[in-house]
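The values are calculated or read from the model by the stated rules, or taken from the named source; none is laboratory data. Model, not experiment: these values are computed from the prediction. Ideal geometry is used to build each Cβ from the backbone, glycine not excepted, and the neighbour counts take in all protein chains shown. For accessibility, only protein heavy atoms count, side chains too; no ligands or nucleic acids. Shrake-Rupley method; radii C 1.70, N 1.55, O 1.52, S 1.80 Å.
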Amino acid sequence: MQELFDKMKEYLNMDSEISFAEFDGYYKNVVAFLNDNWTGLNEEDTMKMLFILDNLKSNGEDRAKRKEKESKKYAKMAQRTEIWANALIGRLREAGLTDEEIGKRYEEIYEAV
């Protein structure tokens, strides 16, 4: 989990954009991790994963708007990351966090990056 989070921080601090192949590979690593581990994530790791998913979603949506051969693939990735994010938000709500608390914790992670 921490490795995926650190990689996202690295991507966000880059001056250039990563290739489709690297974006796709990272996305697939995130989804594979979630498929195997999402129900066992603690609260902190769930928040970090929300941060990862939010950034994948927004970057996927942005790239999907471009007229490139991978546009549809980016759009699908953005849709799937939104589904995962909603599932994780649901788990946090079940754990007793309010939307305001989730938002505040997310902002703390965002500001720390």
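When the label point is put 7 Å from the Cα of Tyr106 along its Cα-to-beta-carbon vector, which residues of the stretch 62-96 have a backbone N closer than 20 Å?
Under cut-off, by backbone N: 62-64, 75-96.
Heavy atoms of the protein only, probe of 1.4 Å, neighbouring chains included. What is the accessible area of Arg80 in Å², nearest 10?
120 Å²
In nm, to one decimal, how far is the Phe33 label point from the Glu3 one, both placed 7 Å along Cα→Cβ?
0.9 nm
So how far apart, in nm, are the two label points at Ala95 and Lys67 if each is 7 Å from Cα heading toward Cβ?
The two pseudo-label positions are separated by 4.5 nm.
Rg (Å, one decimal) plus Dmax (Å, integer) for the alpha carbons of the chain?
Using the Cα atoms of the chain, the pair Rg, Dmax is 14.0, 43 Å.
Would you kindly find the accessible area of Asp36, with a 1.4 Å probe and non-protein molecules such as ligands, DNA and RNA excluded, rounding to the nearest 10 Å²?
120 Å²
Please work out the average accessible area per residue across the chain, using the 1.4 Å probe convention, and give it in Å².
Working: 6960 Å² over 113 residues.
With the other protein chains kept in place, the chain gives 62 Å² per residue.
Going by amide H atoms built from the backbone, whose H comes under 5 Å of the H on Ile18, apart from near neighbours?
none
Just how far, in whole angstrom, is the stretch 17-31 from the stretch 46-63 if you go by their alpha carbon centroids?
Each part reduced to its Cα centre gives a spacing of 12 Å.
Give me a comma-separated list of calculated 3J(HN,Hα) values for the stretch 27-40, in order, Karplus coefficients 6.51, -1.76, 1.60 applied at θ = phi - 60°, integers in Hz, x for any Gly or Pro.
Taking θ as phi minus 60°, the curve returns 4, 5, 5, 5, 5, 4, 4, 5, 4, 8, 10, 4, 6, x Hz for the stretch 27-40.
Return the distance in nm (one decimal) between the two label points of a simple spin-label model at Asn42 and Ala87, each offset 7 Å from Cα along Cα→Cβ.
2.2 nm
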